[in-house]
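The values are calculated or read from the model by the stated rules, or taken from the named source; none is laboratory data. These numbers were taken from a predicted model, which means no experiment stands behind them. Note: ideal-geometry Cβ built from the backbone for every residue, glycine included; neighbour counts use all protein chains shown. Remember, those area values only see protein heavy atoms, side chains included, never the ligands or the DNA or RNA. Shrake-Rupley method; radii C 1.70, N 1.55, O 1.52, S 1.80 Å.
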Amino acid sequence: MRGSGGEKRNTAADESYAHWKLLVPVLYDWLASHNLVWPSLSCRWGPVLEQGTYKSKQRLYLSEQTDHTQPNTLIIANCEVVKPRVAAENHIANFNEDARSPYVKKYKTILHPGEVNRIRELPQNKNIVATHTDCPEVLIWDVEAQPNRHALLGAADSRPDLVLSGHQDNAEFALAMCPAEPYVLSGGKDKSVVLWSIQDHVSTLATDATQSAESAGSIVKAADNSTVGPRGVFQGHNDTVEDVQFCPSSSQQFCSVGDDSCLILWDARIGSSPVVKVEKAHNADLHCVDWNSHEENYILTGSADHTVCMFDRRNLTSDGVGLPVHKFQGHNAAVLCVQWSPDKRSVFGSSAEDGLLNIWDYEKVGQKEETGSNTPSTPAGLFFQHAGHRDKVVDFHWNAYDPWTIVSVSDDGEFSGGGGTLQMWRMTDLLYRPKDEVLTELQKFKDHVIECSKTS
């Protein structure tokens with residue numbers, strides 16, 4: 001999943017980045033850029049800790065992928081998220097991309113056994129996270145119960161609270177947590193999709209994620225080295241499974257994508273064979289998949305063929321036929337991550353090895369703008385492009401507690417010789433609010449400027 005770059009791309013990235021930075025005060029309501037010493041392959045929002053008038057305090061999960069001179073780590077950070085229409089324009093643009101952000105403070109370090117390839121938080125209790133590394137097992141961590149460790153070479157690894165076994169070969173990337181129940185889903189090099197219930201090892205479950213960190217009960221009541229076996233192992237792929245996702249309302253229905261170019265829908269109530277298998281969902285390996293929580297018939301896939309496809313499961317048949325509702329073409333390198341917006345059913349994001357994070361709205365496909373010049377070069381459905389990263393954007397996550405706020409991370413190794421960039425950002429609401437509402441506000445602003453110029 002990791003791409004390759006070169007001098008030409010770095011020069012182009014430099015020019016694109018410089019152009020983007022000039023536009024930051026116009027395009028963004030808020031932006032914070034945080035330089036990472038070591039690259040992180042995953043970034044996820046955790047629970048909100050405090051709500052203030054102008055900003056909130058929230059957990060953030062990321063990792064450090066080291067060169068073995070230091071241990072690999074799972075990092076729990078506390079972030080300050082500035083609320084909409086608070087940050088000043090000059091403050092938004094005034095950041096140093098080579099420095100650490102004052103908005104991001106490291107809270108706890110877990111010494112992870114192996115590189116952290118993927119992090120996913122449990123919706124029922126976001127203090128519980130699952131991680132994938134270069135091994136067959138899924139590791140479960142209660143980040144509040146885990147001791148804070150110092151990243152010293154030779155130090156013993158932290159011990160996970162629970163280990164999920166069931167893969168026969170390494171499972172490195174495909175990982176999902178179920179929104180409906182505490183179930184975990186994984187895919188791996190053994191071409192299998194594996195399903196677990198954390199409740200198989202738990203007598204009590206703290207479901208209230210709004211509890212404070214001190215009082216929140218642990219979902220994991222495991223003794224050291226506790227292992228849970230799978231509820232099911234699902235066979236149907238012919239190559240490595242790269243990503244998996246639950247149907248938002250069910251722990252028994254899910255989908256997977258892989259290097260065999262297939263999209264497969266499963267139903268554990270029926271059996272361990274595919275319900276629907278789309279043999280040629282893309283013209284290359286599939287890297288990522290997401291299921292729409294507002295409209296459960298829509299599934300997104302992202303591929304090494306540079307495109308994102310939106311499928312309607314009502315149009316998929318068991319004989320492997322399934323054309324996408326639309327193919328979104330706005331990247332010029334492999335797509336690494338796709339995710340629906342938690343706030344608006346038609347909006348989603350995609351990030352890729354080209355360093356771009358595109359925001360799309362499928363309702364805009366086929367729409368003709370009433371005003372302004374025609375720009376046929378703009379891909380259908382694309383309405384925002386985050387160009388703040390200078391190398392491949394390996395992960396991003398919409399903030400469910402703060403609509404339109406996104407955290408994204410890039411692996412900048414090929415650009416800068418190491419490290420990465422973490423960015424928290426929110427586009428200006430003038431770009432996504434209803435057009436009539438925006439035009440009314442801009443007219444008021446225009447009238448105000450005219451009135452001020454008359455009196456000066």
Long-range amide H partners of Asp243 with built H, under 5 Å: Val257
Within segment 79-130, trypsin sites (Lys or Arg not before Pro) in DSSP loop having at most 15 other beta-carbon neighbours inside 10 Å: Arg85, Arg100
How about segment 253-303: which trypsin sites (Lys or Arg not before Pro) there are in a DSSP loop, with at most 11 other Cβ atoms within 10 Å of their Cβ? Arg269
Phe445-Gln168 pseudo-label distance in nm [points 7 Å out on the Cα-to-Cβ vector]: 6.0
Excluding ligands and nucleic acids, what accessible area in Å² is computed for Val276 using a 1.4 Å probe, to the nearest 10? 20
Between Asn96 and Asp67, Cβ-based FRET efficiency (R0 22 Å, step 0.05) works out to 0.35
HN-Hα couplings for segment 303-316 via Karplus (6.51, -1.76, 1.60; θ = phi - 60°), in whole Hz with x for Gly/Pro, come out as 9, 5, 7, 6, 10, 10, 10, 10, 9, 9, 5, 5, 9, 8
Within straight cross-link reach of Lys446, meaning Cα distance under 28 Å, which lysines are found once same-chain residues fewer than 8 apart are removed? Lys21, Lys83, Lys364, Lys368, Lys435, Lys454
Provide the net charge surrounding Gly388, with neighbours chosen by a C-beta distance below 11 Å and charges set as Lys +1, Arg +1, Asp -1, Glu -1. +1
Separation of the Asp239 and Gln329 label points, Cα + 7 Å toward Cβ, nm: 2.1
Quick one: if the Förster radius is 30 Å, what FRET efficiency do Thr378 and Ser249 give, using the C-beta to C-beta distance and rounding to 0.05? 0.30
Each residue of segment 184-196 in order: what ³J(HN,Hα) in whole Hz does its phi give by Karplus 6.51 cos²θ - 1.76 cosθ + 1.60, θ = phi - 60°, with x for Gly and Pro? 10, 10, 8, x, x, 5, 7, 6, 9, 10, 10, 10, 10
Using Cα atoms only, what is the angle between the long axis of helix 7-27 and the major principal axis of the chain, expressed in degrees (0 to 90) to the nearest 10? 60
Loop-only GluC sites (Glu not before Pro) in segment 219-304, please: DSSP not H, G, I, E or B, and at most 15 other Cβ atoms within 10 Å. Glu279, Glu295, Glu296
Shape of segment 225-369 from its Cα gyration tensor (a ≥ b ≥ c, root eigenvalues): rounded if a/c is under 1.5, otherwise prolate when a/b > b/c, or oblate? prolate
Dipole of the chain, positive direction: furthest Cα of Gln65, His201, Leu265, with charges on the beta-carbon: His201
By the scheme Lys and Arg +1, Asp and Glu -1, what is the net charge of all other residues having a beta-carbon under 12 Å from that of Tyr107? +4
Of Gln443, Ser341, Asn297, which is farthest on the positive side of the dipole of the chain, counting Cα position, with +1 on Lys and Arg Cβ, -1 on Asp and Glu Cβ, and the Cα centre as origin? Gln443
Mind sorting out which of (i) 97, 59, 43; (ii) 78, 57, 49; (iii) 75, 53, 46 is the real Cα extents along the principal axes in Å computed from the coordinates? (iii)
With θ set to phi - 60°, apply the Karplus curve 6.51 cos²θ - 1.76 cosθ + 1.60 along segment 244-257 and write out the HN-Hα couplings as whole Hz, x wherever there is a Gly or Pro. 9, 7, 7, 5, x, 9, 9, 8, 10, 10, 7, 9, 8, 9
Value of [θ]222 nm, deg cm²/dmol, for the chain, DSSP H segments ≥ 4, -39500 (n - 2.57) each, nearest 500: -3500 deg cm²/dmol
What FRET efficiency do you get for Arg159 and Glu437 if R0 is 45 Å and r is their Cβ-Cβ distance, rounded to the nearest 0.05? 0.30
Mean separation of Cα contacts under 8 Å (at least 6 apart) over the residue count of the chain, i.e. the relative contact order in percent, is 14
Under a point-charge model restricted to the Cβ atoms of Lys and Arg (+1) and Asp and Glu (-1), what is the dipole moment magnitude of the chain relative to its Cα centre, in debye to the nearest 20? 800
To the nearest 20 debye, what is the magnitude of the charge dipole of segment 75-160 about its Cα centre, counting +1 on the Cβ of each Lys and Arg and -1 on the Cβ of each Asp and Glu? 300
For the chain, find the longest principal axis of its Cα atoms and tell me its angle to the long axis of helix 435-455, 0 to 90°, nearest 10. 40
